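Q: Structure incoming, see below.
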Amino acid sequence: MNYTENAINILTILTYKGIGRGWVVKNLKGNESIEDIVTLLNNYLKSENKINIDSFEARKKDVLNSLNILRDYCDGIVALGDDNFPKHRGMVKDSERPVILFYKGDISLLNPQNINITVIGLLTPDISIKKREEEIVSRLVKSGANIISGLAYGCDSIAHRQALVNGKTIAILPSPLHNILPVKNKELAYQIVDMGGLLITEYYQDFKSLTELNNRYRERDRLQALFCDAVVLIASYAKDSARRWKIYNKKLDSGARLAMEFAKSYGIPRAVMYEHDLDANNPMFDLNRQLINEDKEIIVIGRGNLDSVINKILSNRIKFEDSITYQLNLFSS
């Protein structure tokens, strides 16, 4: 398992109560000395029990010991300041910028020089949705894109599997690499890596509560937006679909809604699959319809414009300018 001292230092910093991603981004560039780190922590935490180099090193040793469980599952750890730490797309506040990633597979797939398209949707698509999604993903891959998704059931799994036919795919996980979720997609995860793809996560320890797991799903949805040039929504229920359609026996809202919200806030281009004559009365397209009505910038992918829309997605992708700033072109003509 590959990692730098910088990565372990940042992992150790994150174990202190009150320290999060925002603090790391604001105060560190990466590769600071432990002396400087201890000074910064003490200045911020203002605790009566001052941190010293010995106590930081002891905590760092505990972090290293806790990483032992990953040795057969993780190829490496990268952190802010490491040469191979991937640059995110979009404009994002400090507290939402990634600062540490655990990976298995080809981490260079996240580089902004690559074309990465996130494809997401609901957990229970019908056969028609599946076939239409496969066509879109196939066309994206043939055009040179890597496909990002979240390894969930339904549209995520379809996106990953179709991408593997002729290309590469990236799965962003809400779980550590030694305990992949969902469990039934473990083999798919291994297949992604075996075929030159990538698994990434921000976590190396198991979740301790359902609330924590739900938060991790939200954080996963944020990364799906941050590491792509565009997000394509295949189909999804909306937040009020259960009430609207009087479907009360299952949860209909999905993480796709959150990923689309993150993409909008970051300035990441968004597209939705939708055919009015096919989908107007299908609750599985509630979110698609909502987004079309709310945002004139949304690109609608249909049967008649698939090639032209995909060409627009790829040609108007976010342009990488330097290590921090991105010039955005939101599907403008």
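The values are calculated or read from the model by the stated rules, or taken from the named source; none is laboratory data. Here the structure is a predicted model, which is why all the values come from computation and not from measurement. Using ideal geometry, Cβ is built from the backbone for each residue, glycine included, and neighbour counts are taken over all protein chains shown. Only protein heavy atoms, including side chains, enter the accessible area calculation; ligands, DNA and RNA are left aside. Shrake-Rupley method; radii C 1.70, N 1.55, O 1.52, S 1.80 Å.
Q: Any chance you could tell me what percent of the C-alpha pair distances in the range 171-314 go past 18 Å? Could you put the intermediate results ahead of the total?
A: Values: 6592 of 10296 pairs.
Counting pairs separated by more than 18 Å, the tail of P(r) holds 64 percent.
Q: Roughly how much of L278 is accessible, in Å² to the nearest 10, using a 1.4 Å probe?
A: Near enough 90 Å² of accessible area.
Q: If I take the Cα coordinates of the range 251-298 and project them onto the principal axes, what are the three extents in Å, biggest first?
A: That works out to 31, 27, 14 Å along the principal axes.
Q: Ignoring ligands, DNA and RNA, what percent of the accessible area of the range 172-211 is carbon or sulfur (1.4 Å)?
A: 56
Q: Here is a follow-up. Indicate the gyration tensor shape class of the chain (rounded, prolate or oblate), computed on the Cα atoms with a ≥ b ≥ c the square roots of the eigenvalues: a/c under 1.5 is rounded; otherwise a/b larger than b/c is prolate and the rest oblate. Walk me through the numbers on the way to the answer.
A: Numbers: a/c = 1.87, a/b = 1.79, b/c = 1.05.
Because a/c hits 1.5 or more and a/b exceeds b/c, the chain counts as prolate.
Q: Residues with amide H under 5 Å of D75's amide H, sequence separation 5 or more or different chain, H placed in the peptide plane at 1.01 Å from N; which?
A: Residues meeting the criterion, in which the H sits 1.01 Å from N, are Y103, K104, G105.
Q: Here's something else I'd like to know. I need the shape label for the range 203-276. Rule: rounded when a/c is under 1.5, else prolate if a/b > b/c, else oblate, with a, b, c from the alpha carbon gyration tensor. Walk me through the intermediate numbers first.
A: Working: a/c = 2.79, a/b = 1.08, b/c = 2.59.
Because a/c hits 1.5 or more and a/b fails to exceed b/c, the range 203-276 counts as oblate.
Q: How many angstrom lie between the C-alpha centres of the range 187-238 and the range 18-55?
A: 29
Q: Another question, then. Taking the Cβ-Cβ separation of Y190 and V165 as r and a Förster radius of 22 Å, what is the calculated FRET efficiency to the nearest 0.05? List each step's numbers first, then the result.
A: Values: r = 17 Å, r/R0 = 0.78.
E between Y190 and V165, to the nearest 0.05, is 0.80.
Q: Extension gain D206-D54, at 0.36 nm per residue separation less the Cα-Cα distance, in nm?
A: Values: separation 152, 0.36 × 152 = 54.72 nm, distance 2.77 nm.
In short, 52.0 nm is gained.
Q: Based on DSSP H assignment, which helices of the chain show an axial Cα extent of at least 15 Å together with a mean Kyte-Doolittle hydropathy greater than or equal to 0.0? Don't skip to the answer; put the middle values down first.
A: Details: long enough: 34-45 (16 Å, 0.72); 53-66 (20 Å, -0.77); 127-142 (22 Å, -0.44); 155-166 (18 Å, -0.03); 210-226 (24 Å, -1.41); 255-266 (17 Å, -0.04).
Result, helices passing both filters: 34-45.
Q: Summing Lys, Arg as +1 and Asp, Glu as -1, what charge do residues with Cβ under 9 Å from the Cβ of V119 carry, V119 excluded? List each step's numbers first, then the result.
A: Details: positive: none; negative: E133, D156.
Its environment carries a net charge of -2.
Q: Identify all lysines with a Cα-Cα distance to K168 below 30 Å; exclude those on the same chain that are fewer than 8 residues away in sequence.
A: Leaving aside lysines fewer than 8 places away in the same chain, those within reach of K168 are K87, K93, K104, K130, K131, K142, K184, K186, K264, K312, K319.
Q: Using the Cα centre of the range 1-148 as the reference point, and only Cβ charges (+1 on K/R, -1 on D/E), how large is the resulting charge dipole? Debye, rounded to the nearest 20.
A: Numbers: 20 positive and 19 negative charges, 103 e Å.
The calculated dipole for the range 1-148 is roughly 500 debye.
Q: Connecting C-alpha atoms closer than 10 Å in a GNM of the chain, tell me which of S157, S47, S254 has the biggest fluctuation.
A: Maximum fluctuation in the GNM of the chain, among the listed residues, is at S47.
Q: Let me ask something else about it. Round to the nearest 0.05 the FRET efficiency obtained for W245 and N111 when R0 = 45 Å and r is the Cβ-Cβ distance. Intermediate values should be presented prior to the final figure.
A: On the way: r = 42 Å, r/R0 = 0.94.
FRET efficiency, W245 to N111: 0.60.
Q: How much length, in nm to one decimal, is gained on full extension between I69 and D307, taken as 0.36 nm per residue of separation minus their Cα-Cα distance?
A: Stretched fully, the I69-D307 segment lengthens by 81.1 nm.
Q: Next question, about the same structure. Of L123, Q191, I158, which is farthest along the charge dipole of the chain in the positive direction, counting Lys and Arg as +1 and Asp and Glu as -1 at C-beta?
A: The residue sitting most towards the positive pole is L123.
Q: Which FRET efficiency, nearest 0.05, do T124 and S95 yield, Cβ-Cβ r, R0 30 Å? Can you show the working numbers first?
A: Values: r = 33 Å, r/R0 = 1.10.
The pair T124/S95 has a calculated efficiency of 0.35.
Q: Might you report the magnitude of the Cβ-based charge dipole of the chain about its Cα centre, with Lys and Arg at +1 and Asp and Glu at -1, to the nearest 20 debye?
A: Working: 44 positive and 41 negative charges, 164 e Å.
With Lys and Arg at +1 and Asp and Glu at -1, about 780 debye.
Q: Counting only residues 5 or more places away or on other chains, whose amide H sits under 5 Å from the amide H of V300 once H atoms are built in the peptide plane?
A: V272
Q: What nm distance separates the two modelled labels at N282 and N43, each placed 7 Å from Cα along Cα→Cβ?
A: 5.7
Q: Moving to a separate point now. Quick one: longest stretch of the chain between exposed loop trypsin sites (Lys or Arg not before Pro), exposed meaning at most 16 other C-beta atoms within 10 Å and loop per DSSP? Write out the running numbers ahead of the final one.
A: Working: sites that count: K17, K29, K46, K50, R71, K87, K93, K208, K239, K246, K250, K251, K296.
Segment 94-207 is the longest.
Q: Whose amide H sits under 5 Å from the amide H of S175, counting only residues 5 or more places off or on another chain, with H placed in the peptide plane?
A: Answer set, sorted by chain and number: L181.
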